[in-house]
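Asker: I'd like to ask some things about the structure below.
Every number in this text was worked out from the coordinates using simple rules, so none of it is lab data. Here the structure is a predicted model, which is why all the values come from computation and not from measurement. Here the Cβ is made from the backbone with ideal geometry for all residues, glycine too, and neighbour counts use every protein chain on show.
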Amino acid sequence: MKAEAARRPRLVWAAGVVVMVLAGLAGLGIFIAKEPYGYDLWAYVLAARHLIAGEPLYAAHPEVPFGPFGEYHYAPPAAVPFMLLAPVPFWVATVIWIGINAGVAAAIGWYLIRPLPRDARPWAAAAFVLFLPTILEIALGNLNVLTLGLCLWAWELRRRSAAAGTVLAVAIGVKLLPLTLVLFYLASGRWRVVAWTIAVGVAGLVVTAVVFASDFPAYVALLLALMDSHWTADLIASTPPAEVAAFLGSPIGRWLLPVASLATAILGGLAAHRYARDETHLHHLALAFAPYLASFGLLWFPYLVTALPLMASTLHRALHLPRPGMRGALTAALALSWLLLQVVGERNDLVPILAHFLGLVVLLAVALAVLWLARSRDVPEPIAARAAA
């Protein structure tokens, strides 16, 4: 009996290895099918070439949210590192950037999967390598994976306020999507990290305004245009199917994720301050919903990469629950969330957007459930007995 019990985890691990290999091959096949690569990378490289030539970074009349090929929609300093890639042929720059992005993604995967139980690691690795938002992000050549890595690095450095604040400020400077993490750090009592983030951010803005004086007004105008919610509502209302458009345009569809973004940052931070054991899970919860403070966040498929840390943390907690039935139910719900976040479709189709919306809601529910179940296990016996009575 003991030998059989010991053999079962090994069989689960071996089956997971097979699934991981198959998932890796499938992910590679999907990546190959995404050629040509570097659609978003071209905007960065072209902006870097404009910097070298002394030309404007931004179009006189930028199109939001989806500009034409090569139109630059990011902060001026984000183009500076790509000056190293600007002189080389674009295909060489693409190969280099794919390698960097893939390396960062691999490091994130190792960081997230390593704490899991041994027999669960290959299964989690299979889900990681077959996560379509990550595959598309690497194929497009954007900065979302890099931003995610910086956010996780800042969290690892949280006990060193200056380092953590600097890294977090860089992450927000690269992409504004983790901006609500500042609220999380503040609510969790890490005000020194917040102070350093603000100080470095303000210094960066001043330097940007001075060094990129001619481009800075255009960048501010672009941000204001992107934050205008009218185009998001108009885009959703004009995209079929009409039933899905009506739901996403309803108060629930418009406000649920922005409210979740603020709530996971503020209330999650307060909970992290009180329950230090849960602070990493709560940080990952705030990080997963940070991109959805603005309504247009749901329209960007690669933003879903920020959900990866929360999925890993939720799986880890679910697998440590004592009741097999609850473990199985929550793991299945987490798998459903993963599947919903994978749905893709045509450009003029809201069904994938609805699937991502539902996937995030399911993920939120499962992430909160594992927290609540862990807290209920910690209730002292007399209180638990009185509650049961």
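Asker: If every alpha-carbon in segment 118-275 counts as one equal scatterer, what log10 I(q)/I(0) does Debye give at q = 0.09, 0.18 1/Å?
Answerer: The computed values of log10 I(q)/I(0) come out as -0.43, -1.30.
Asker: So for Tyr39, Tyr219, Tyr72, fewest C-beta neighbours within 10 Å to most, what's the order? Provide the component values of the computation, followed by the final result.
Answerer: Values: Tyr39 16, Tyr219 20, Tyr72 25.
In increasing order of surrounding Cβ atoms, one gets Tyr39, Tyr219, Tyr72.
Asker: Right, here's the next one. Against the globular-protein guess of 2.2 N^0.38 Å, express the Cα radius of gyration of segment 263-336 as a ratio, rounded to two decimals. Intermediate results must be reported in sequence, preceding the final value.
Answerer: Working: Rg = 13.7 Å, N = 74, 2.2 N^0.38 = 11.3 Å.
In units of the globular-protein estimate, segment 263-336 measures up at 1.21.
Asker: OK, next. Per-residue counts of other Cβ atoms within 10 Å, averaged by peptide: what ranking do you get for 9-22, 137-150, 103-116, highest first?
Answerer: Highest-to-lowest ranking by the protection proxy: 137-150, 103-116, 9-22.
Asker: Apply 1/(1 + (r/R0)^6) to the Cβ-Cβ distance of Ala237 and Ala199, taking R0 = 45 Å, and write down the FRET efficiency to the nearest 0.05.
Answerer: With a Förster radius of 45 Å, E is 0.60.
Asker: Describe numerically, in nm with one decimal, the distance between label points set 7 Å from Cα along Cα→Cβ at Phe66 and at Val19.
Answerer: Simple spin-label model gives 3.4 nm for this pair.
Asker: Based on the Cα gyration tensor of segment 2-377, what are the three equivalent ellipsoid semi-axes, each the root of five times an eigenvalue, rounded to whole Å and given largest first? Walk me through the numbers before you get to the answer.
Answerer: Numbers: eigenvalues 231, 115, 99 Å².
Largest first, segment 2-377 gives 34, 24, 22 Å.
Asker: Please give the residues of segment 323-346, grouped as numeric ranges, whose backbone N is less than 19 Å from a label point set 7 Å along the Cα-to-Cβ vector of Ser376.
Answerer: 323-334, by backbone N distance to the label point.
Asker: Moving on to the next point. In what sequence, highest mean first, do 179-188, 241-250 appear when ranked by Cβ atoms within 10 angstrom? Display every interim value, and only then the final one.
Answerer: Working: 179-188: 23.0, 241-250: 14.9.
By packing density, highest mean first, the sequence is 179-188, 241-250.
Asker: Rank these for me by crowding, Arg347, Arg317, going from fewest to most other beta carbons within 10 Å.
Answerer: Placing the least packed residue first, the sequence is Arg347, Arg317.
Asker: Another one. Could I get the Rg over Rh figure for segment 141-234? Both from C-alpha atoms, Rh via Kirkwood, rounded to two places.
Answerer: Dividing the radius of gyration by the Kirkwood radius yields 1.02.
Asker: In addition: Mean Kyte-Doolittle of at least 0.5 plus a Cα span of 20 Å or more along the axis: flag which DSSP H helices in the chain meet both, please.
Answerer: Going by DSSP H runs, the hits are 2-33, 39-53, 90-113, 191-211, 251-274, 324-340, 351-377.
Asker: Right, next: Given 10 Å bins starting at zero, what is the percent of C-alpha pairs of segment 32-108 in each, up to the one with the largest pair distance?
Answerer: Whole-percent P(r) values from 0 Å outward: 18, 47, 29, 5.
Asker: Taking segment 219-305 as the region of interest, what is the percent of Cα-Cα pairs per 10 angstrom bin, listed from the shortest bin to the one with the maximum distance?
Answerer: The distribution over segment 219-305 is 17, 38, 30, 14, 2, given as percents.
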